[in-house]
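So the structure is just underneath, and the comments pick up after that.
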Amino acid sequence: MDNVQTLKNENNSEKSESKSRKRILVGKVTSNKPDKTIIVAIERHVIHPLYKKYFKRVKKVMAHDNENSCYIGDVVKISECRPLSARKRWILVDIVERAK
């Protein structure tokens, strides 16, 4: 009986841990002009299907920076969140590296 309860507790804890499946991305700040907002360039390497050469794809997203603490060139970690405005669906988690 105790084994069954511990298995149920383990399953519940696994579900609660995996419940938050928000993506976390790392990118470079390209603009901090809007108030409490940063624009982050997410760079990824994609392989060409025919020629098998890697090339860069860049996606710019807007992220919420509550304290206006980021500057252009900072490498930041952002996470998905609920829609905060018409185009803002990311929130700043951490500043990985400051711009030089």
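Where a number appears in this text, it was derived from the coordinates with a stated rule and is not lab data. In this text, all values refer to a predicted model and were calculated from it rather than measured experimentally. Here the Cβ positions follow ideal geometry from the backbone for every residue, glycine too, while neighbour counts run over all protein chains shown.
Taking the conditions exactly as written (of a type outside the set (Val, Ile, Thr), surrounded by 12 or more Cβ atoms within 10 Å (Cβ to Cβ) and farther than 18 Å from residue 93 by Cβ), does residue 31 satisfy them or not?
In short, yes.
Which residues, taken from segment 82-99, are in contact (Cβ under 8 Å) with a residue 24 or more places away in the chain and surrounded by 15 or more Cβ atoms within 10 Å (Cβ to Cβ)?
88, 89, 90, 91, 92, 93, 95
For segment 88-100, what are the residues that are in a loop (DSSP other than H, G, I, E, B) and either under 25 Å from residue 22 (Cβ atoms) or touching a Pro at 6+ places or on another chain (Cβ under 9 Å) (or both)?
Across segment 88-100, the qualifying residue is only 98.
For segment 42-51, does any single residue satisfy the condition of being on the phi > 0 side of the Ramachandran plot and either surrounded by 13 or more Cβ atoms within 10 Å (Cβ to Cβ) or of a type outside the set (Val, Ile, Thr) (or both)?
Within segment 42-51 (the criterion being on the phi > 0 side of the Ramachandran plot and either surrounded by 13 or more Cβ atoms within 10 Å (Cβ to Cβ) or of a type outside the set (Val, Ile, Thr) (or both)), the answer is no, since none of the residues qualifies.
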